[in-house]
Amino acid sequence: MNEPDRTSTDKIEAREIRIGAGKNGEERPHGRVYRFFDNLWYHHKWKIIALLFVAAVLIVVVVQCARQEKTGDVTLLTAGPYGFTTEEAKLRDFKNCLATYLPADYDGDGEKRVTLVSYSVYSEEEIAAAAARTDENGDPAGEEIDRSVNAEQYRQYSQHLRLGECSVLFLSPWLFDEQMSLNATGLSDLSQVLDERPAGAIVPEGGSADGAYYGVRLDQTAFWRDNSAVRNALPADTVLCLFRPGLSGESSKPEKYERSVALFKALVP
């Protein structure tokens, strides 16, 4: 069998490479640019591949950072059996309402804005109650809460508090009672924050000799009564409280903690 009529000629002296035959059997010339990149790829192929990979990763990171929501003037936390964490409309309206209570545009970007961190956390009683719900006809309409997801949400919530990333908290009664049961509670004594004890103030069980109290029932505030966005987002028995400054994180910075205190005072005048 005859070999195909192809040529492969290298003329090093003339700096000319001809590889393969053209339509009419003529060799196709390749210039300096082609020879440069061909040589570069031959000797540095793996380096080029590595550089392209790094460049692709950097592009993805930059794009994701550009799409991230800008941090607000103050960060708040909600935790409890709340559904609005998956309902974007309620979440947006609630955040916009909170922003109107900010005393100032602290970062000076021309817009008052809050960051809201939310965790859906259920107690065992709340899980049982969710499963036992019925509709208006008495038929079962319960919801099964995934306990592993619930445990992970609780872990993340607890870790967030320990990291000291926020101070203004909206907690379910169960989570508030849990904070109160700790010997060295992280909650601030609101009698040292507010000038007068508001309606709905929650005092420790058995009272307090020094007048200390650590939470305010949300539905007893004007913040709740005057804003449908708040009523649509959180249950009436939600407790509004203030976490003490942490040893690290944003709350450990005096100017950041004072922002949270100022917002708290605006929410509970």
Inter-site label distance for residue 57 and residue 197 at 7 Å from Cα along Cβ, in nm: 5.9 nm
Report the FRET efficiency, 1/(1 + (r/R0)^6), for residue 265 and residue 88, where r is their Cβ-Cβ distance and R0 is 35 Å, rounded to 0.05. 0.75
Any idea how far apart residue 152 and residue 177 come out in nm if each label point goes 7 Å out from Cα toward Cβ? 2.8 nm
Once the Cβ-Cβ distance between residue 226 and residue 258 is put in as r, and R0 is 25 Å, what FRET efficiency do you end up with, to the nearest 0.05? 0.50
Simple SL model, points at 7 angstrom along Cα→Cβ for residue 33 and residue 133; separation in nm is 6.6 nm
Please give the length that would be gained between residue 205 and residue 159 if that part of the chain were fully extended, namely 0.36 nm times their separation in residues minus their C-alpha to C-alpha distance (nm, one decimal). 13.9 nm
Rh_Kirkwood(region 147-269) over Cα pairs, Å, one decimal, evaluates to 15.1 Å
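Read-outs: derived from the displayed coordinates by stated rules, not from any lab. It should be emphasised that the depicted structure is a prediction, and the values quoted were computed from it without experimental measurement. FYI the Cβ positions are ideal-geometry reconstructions off the backbone, even for glycines, and counts take in every protein chain you see.
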